[in-house]
Amino acid sequence: MAKQGLKTEMPAGYDLDERQWFTETVLPDPSTIEAMGTHHNLTTALADLVDNSIDATASHIRIRFVQRGTTILGIQIIDNGRGLTADGIKQAMTFGARREYGSDDLGHFGLGLKAASLSQASSFEIYSRQKWGPAVGRRMDQTVSQNFSVGVMEPGAANERLDGIVGFDLTSGTLVEWRGLKDVIHTSDQGELTEWRSAKLRSIREHLGITFHRHLRLGAVEIDIDTFDVERNMAIPPLQVDPIDPFEGSMQQGDYPRSFVVDLPDGASCTIEAHLFPPRLTSPAFDLYGEPGEARQGIYLYRRGRLLSCGQNWAGLRLPKKELGLGRIKIDLDASNEHYIALNPEKVTPIYSADFANAMVQAHTAGPSPVLLDSYFSDVQRAHRDSKKAKRQGIRLVEPSVGLNPTVLSRLTDLQDFADFDPIDLRFVTLPPTELFRANRTARRIDVNVELVRKIYGSEGRLSNRDAQLLKTFLYFLLESDFKVEQRWNAGREDRHRLLNDVLMAAFAEDFIEPHQQENQAHEKNGGD
């Protein structure tokens, strides 16, 4: 323990004898490793590794699902970047190793590879080589939290591993492989596996397409996804990741897009770009992540061309609400402003400093007659009000409540105001096999036969309210007018419901029931005669 002087400022009236103070080294508890990466999901973790590949000047990045039969063995991230040396891979496996990042690098904390990988897998391996250089290989699993040790592969074996990659030339580059995935399906049913994998592929393609849309649009890098079957030693053709620009489709007229200058406390300034979107816009670039576009209002934060924050907040300037749903602001981080905005290690949650937020309040247009940023929010709210005035008012529907997803409800409310009746719910319940639905005016609900829904959609297990949207929306439009009647339903209305059930069940039988089953059901319905 080395004795050193320690200068400490104390409040007036307190005395400090510096000779009483010493310093000691305090090492981090290895178990803290387990807490890293907790904000990651599969798509954000993959994006973190794509950052590393882009920093390594890769022109081609492939995400690969590895499977044997119906078992997913792992995920590989392969790139043809410049690769790593022995010193480079050791640094890459060291927690908190802050290398000298270039002005265009996406890496920042020295935690990305480890935190992202161990958040999704029980272990990961990394193999890499530079052109004409020896291959290097390392392995890390959860036991690293005990003593910070990693596995080292012999150069010759690492070289064979890289040479053995099917369908991807790695003269130089890196392979990262996640094993023991935490979010994976365990099934012997090929159809279930295909459905799970397809859903993952869609979410990965969308997230990477949004996050790296600038790099993809410029053609600086190509990203694709495939599946490799180890038993057949072959991969299915890869699916391309296409750019999805969240500002595509914004209004290009009047003053918009509009630039505002943010004067920062240290005398520097930066420019932000405010966009306004037309009402009732429907496109993958506006309705991000399967949500109504209005849900993704707010600030979009970029760093080195990479999207960090995908809306959902206004940096404390406003609360997200429907009236601001047609607005999005674009901010690029650079040397003038990035120290005002903090990022967590997963690069998914920006924290705006009070200085930056206060400067944003005073943001203004350039020129002799500057206009404050408040004018933008007023324009967004005005566009929302004008869109409501333009709605067709001839048809007024009963409001649906539980049962329809936000995307469906948003489309409905964009097009139509609701009549002044109590809302109705659409729920899955157990009904007799002769009924597709049952309408209950008193309880204000439409019950849908859960067993028939499972057969129609090929679903097993518990269903949630988010399932069977097409069927529930169809039944809503078929029956919602009945819920405008406040008096007791008469016999004619009940007869109509029986007729609808009979006809819909006949159609269901034609599509989903074998002929001999139809005969048996008809026999049972007629009393077994």
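Suppose the filter is among the β-branched types (Val, Ile, Thr) and at pLDDT 80 or above; does residue 485 pass it? For residue 485, the condition - among the β-branched types (Val, Ile, Thr) and at pLDDT 80 or above - is not met. Just to be sure, is residue 463 more than 26 Å from residue 282 (Cβ to Cβ), of a type in the set (A, V, I, L, M), under 32 Å from the mean Cα position of the chain (by Cα) and at pLDDT below 90? Yes: the conditions hold for residue 463.
Within the range 140-154, how many residues are part of a strand (DSSP E or B) and hydrophobic (A, V, I, L, M, F, W, C)? Here the count works out to 3.
Residues are listed down the side, and each one gets a yes or a no for (1) among the aliphatic types (A, V, I, L, M); (2) touching a Gly at 6+ places or on another chain (Cβ under 8 Å); (3) part of a loop (DSSP other than H, G, I, E, B):
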residue: 119; (1), (2), (3): no, yes, no
residue: 127; (1), (2), (3): no, yes, no
residue: 133; (1), (2), (3): no, yes, yes
residue: 138; (1), (2), (3): no, yes, no
residue: 156; (1), (2), (3): no, no, no
residue: 175; (1), (2), (3): yes, no, no
residue: 180; (1), (2), (3): no, yes, no
residue: 185; (1), (2), (3): yes, no, yes
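Residues in the range 36-88 that are open to solvent by 50 Å² or more (accessible area, probe 1.4 Å) and among the charged types (D, E, K, R): 68, 82, 87.
With the requirement that a residue be in a loop (DSSP other than H, G, I, E, B), in contact with a helix residue (DSSP H, G or I) (Cβ under 7 Å, 6 or more places away or on another chain) and of a type in the set (Val, Ile, Thr), what does the range 363-381 give you? Answer for the range 363-381, where residues must be in a loop (DSSP other than H, G, I, E, B), in contact with a helix residue (DSSP H, G or I) (Cβ under 7 Å, 6 or more places away or on another chain) and of a type in the set (Val, Ile, Thr): there is none. Scanning the range 212-242 for residues being of a type in the set (Phe, Trp, Tyr) and within 21 Å of the chain's Cα centre (by Cα) gives a total of 1.
Scanning the range 498-509 for residues that are in contact with a helix residue (DSSP H, G or I) (Cβ under 8 Å, 6 or more places away or on another chain) and either open to solvent by 40 Å² or more (accessible area, probe 1.4 Å) or modelled with pLDDT under 90 (or both) yields 508, 509. Based on this model, can you work out whether residue 410 counts as within 30 Å of residue 255 (Cα to Cα), modelled with pLDDT of 80 or more, in contact with a helix residue (DSSP H, G or I) (Cβ under 8 Å, 6 or more places away or on another chain) and of a type in the set (Gly, Ala, Ser)? Taking the combined requirement at face value, the residue does not satisfy it.
A quick yes/no check of all residues on (1) assigned to a helix (DSSP H, G or I); (2) at pLDDT 80 or above; (3) touching a Phe, Trp or Tyr at 6+ places or on another chain (Cβ under 7 Å); (4) open to solvent by 50 Å² or more (accessible area, probe 1.4 Å):
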residue	(1), (2), (3), (4)
383	yes, yes, no, no
388	yes, no, no, yes
391	no, no, no, no
422	no, yes, no, yes
425	no, yes, no, no
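Quick one: would you say residue 187 is buried (at least 17 other Cβ atoms within 10 Å of the Cβ), over 20 Å from residue 334 (Cβ atoms) and either polar (S, T, N, Q) or in contact with a Pro (Cβ under 8 Å, 6 or more places away or on another chain) (or both)? No; evaluated as a whole, the condition is false for this residue. Within the range 480-494, identify whether any single residue is more than 31 Å from the chain's Cα centre (by Cα), part of a helix (DSSP H, G or I) and among the basic types (Lys, Arg), and answer yes or no. Scanning the range 480-494, I find at least one residue that is more than 31 Å from the chain's Cα centre (by Cα), part of a helix (DSSP H, G or I) and among the basic types (Lys, Arg), so the answer is yes. Considering only residues in the range 310-320 that are more than 15 Å from residue 291 (Cβ to Cβ) and free of Cβ contacts under 8 Å to residues at least 40 places away in the same chain, the one that is surrounded by the fewest Cβ atoms within 10 Å (Cβ to Cβ) turns out to be 319.
The values are calculated or read from the model by the stated rules, or taken from the named source; none is laboratory data. Please read these numbers as outputs of a predicted model, since none were measured by experiment. Positions of Cβ are generated from backbone atoms using ideal geometry, with glycine treated the same way; all protein chains shown enter the neighbour counts. The accessibility values were calculated without ligands, DNA or RNA, using every heavy atom of the protein model including side chains. Shrake-Rupley method; radii C 1.70, N 1.55, O 1.52, S 1.80 Å.
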